[in-house]
Amino acid sequence: TLATGGSQLASGVTRVGVVAKLVPVSVIAGFTVGVGTLIFSGQVPKALGMSSPAGLTPVELLGYVGSNLSAVDPASAALAIGTSAAMFGLPKIHPKIPSALIAVGGATAATHVFGLDVALIGSLPSGLEAFQFGMPAMPSTDALPSLIATTLLIYSMTSVESLLSCAALEKMRKTSYKHNPDQELIGQGLANIGSGFFMGMPVTSVIARSGLNARLNAQTRLPALVQAGFVFSSVAFMSSSIATIPMPALSGVLITTGIGMLSPVEFKHCYAVQKADAVPFATTIAGMLSMGLAEGIGIGCA
């Protein structure tokens, strides 16, 4: 984690992030649709109270759900559908209504008032003792090649996903703010260095939370700071309350976000200007859904 953060920090300082601006708009649009599809398909089993095998593609996941409809939990499905409906409907009443908060809060209240037997987030680390500072220890010389290869892979994946998420988000809803890819890498690098010293995992920008912010008309970087403060506070002071939130409600929120990413405006514009842009758009989606994020982006760019 420390090495990934250091690599990202160095990349930002040396202005390597500008390379992300060379990615074609049609590939970014394909990335948005691909991630939206992955989010949607990955959450459907959870929303229905089902446990699915790991490693399935979106098509396989939906096929698994279709062939196991008898295992659907009605209570879980009702919570997920209700949450998603609230996410879609409340902004139409007034755009500033915090639809996600109300939807999840309502689902949590319904779960405990009616005694619904659904999966909850469950126990979390709690209290300030959950934050353990640790100094890294250098591995043996024999382990260095493996460590370097793993670090490069994580560095590439987290950096590409962060920068493409920024580019895709910028096109989801136009604002006066334009992201700086080098500054993003510096921020990600510092975050990962901090995470490493507290024995955390490497972190990256992801379009699911950012897409939710865009749907709720966030205009500045303040939501990122609020979320960071909430995550810290929830672990330190509110873990018992967070543990009572039903998982299907969170799935409903993510399903709504995923659906909102399936029709990118920039692709419609690209296709209207040049029909050939459909090729990298489609190949990016196909590569992501069949092989993975990095592979799909590489195929689309190629």
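The values are calculated or read from the model by the stated rules, or taken from the named source; none is laboratory data. Keep in mind that this is a model prediction, so the values were computed, not measured. A quick note on method: Cβ atoms are made from the backbone with ideal geometry, for glycine too, and the neighbour counts reach across all protein chains shown. Remember, those area values only see protein heavy atoms, side chains included, never the ligands or the DNA or RNA. Shrake-Rupley method; radii C 1.70, N 1.55, O 1.52, S 1.80 Å.
Suppose the chain between ILE148 and ILE81 were pulled fully straight at 0.36 nm per residue; how much longer would it get relative to their current alpha carbon spacing?
19.7 nm
Could you let me know the centre-to-centre spacing of region 169-218 and region 25-55, using Cα atoms, in angstrom?
Centre-to-centre (Cα) distance: 20 Å.
Amide H neighbours of LEU120 under 5 Å, counting only residues 5+ apart in sequence or on other chains, H built in-plane at 1.01 Å?
Here the answer is MET247, since their amide H atoms fall under 5 Å of that of LEU120.
I'd like to check one number: the per residue accessible area of region 150-207, probe 1.4 Å, reported in Å² as a whole number.
49 Å²
Of LYS174/LYS268; LYS46/LYS268; LYS21/LYS171; LYS171/LYS275; LYS171/LYS268; LYS46/LYS171, which pairs sit farther than 22 Å apart, going by alpha carbon to alpha carbon?
LYS46/LYS268; LYS46/LYS171
If R₀ is 35 angstrom, what is the calculated FRET efficiency for the pair PHE232 and LYS92, using the beta carbon separation as r and rounding to 0.05?
Plugging the Cβ-Cβ distance into 1/(1 + (r/R0)^6) gives 0.55.
Would you please give the FRET efficiency between LEU22 and SER123, computed as 1/(1 + (r/R0)^6) with r the Cβ-Cβ distance and R0 = 45 Å, to the nearest 0.05?
0.50
Translational diffusion coefficient of region 140-181 at 4 °C, 1.567 mPa s, Stokes-Einstein with Kirkwood Rh over Cα pairs, in µm²/s as a whole number.
Diffusion coefficient, whole number: 105 µm²/s.
Using DSSP to define loop residues, name the trypsin sites (Lys or Arg not before Pro) in region 26-131 whose beta-carbon has at most 16 other beta-carbon atoms within 10 Å.
In loop regions of region 26-131 (DSSP not H, G, I, E or B), the sparsely surrounded trypsin sites (Lys or Arg not before Pro) are LYS96.
What shape does region 187-263 have by the C-alpha gyration tensor, where a ≥ b ≥ c are the square roots of the eigenvalues, rounded means a/c under 1.5, and otherwise prolate means a/b greater than b/c and oblate the rest?
oblate
What does the helix-only formula give at 222 nm for the chain: each DSSP H stretch with n ≥ 4 adding -39500 (n - 2.57), the total divided by the residues, and the result rounded to the nearest 500 deg cm²/dmol?
Value at 222 nm, helices only, nearest 500: -21500 deg cm²/dmol.
For q = 0.14 Å⁻¹, what log10 I(q)/I(0) does the chain give under the Debye formula with an equal point scatterer on each alpha carbon and no solvent?
With one equal scatterer per Cα and no solvent, log10 I(q)/I(0) is -1.27.
Can you work out the FRET efficiency for the pair VAL59 and PHE133, with r the C-beta to C-beta distance and R0 = 35 Å, to the nearest 0.05?
Once the sixth-power term is evaluated, E becomes 0.20.
Taking every alpha carbon pair in region 46-86, what does the distance histogram look like in 5 angstrom bins from 0, in percent?
Going from the shortest bin to the longest, the percentages are 5, 24, 27, 22, 16, 5, 0.
Show me the helices of the chain, taken as full DSSP H stretches, that run 27 Å or more along their long axis by Cα and average 0.5 or above in Kyte-Doolittle hydropathy.
25-47, 74-93, 144-172
Counting only protein heavy atoms, what percent of the accessible surface of the chain is carbon or sulfur at a 1.4 Å probe?
Carbon and sulfur atoms account for 69 percent of the accessible area of the chain.
Report, in cubic angstrom per residue, the convex hull volume of the C-alpha atoms of region 4-135.
233 Å³
Relative contact order of region 167-302, please, whole-number percent, based on alpha carbon pairs below 8 angstrom and at least 6 residues apart.
Result for region 167-302 is 18 percent.
Scan the chain and report its longest stretch carrying no chymotrypsin sites (Phe, Trp or Tyr not before Pro) that are both in a DSSP loop and have at most 10 other Cβ atoms within 10 Å.
For chymotrypsin sites (Phe, Trp or Tyr not before Pro) (loop position, at most 10 other Cβ atoms within 10 Å), the longest site-free span of the chain is 178-302.
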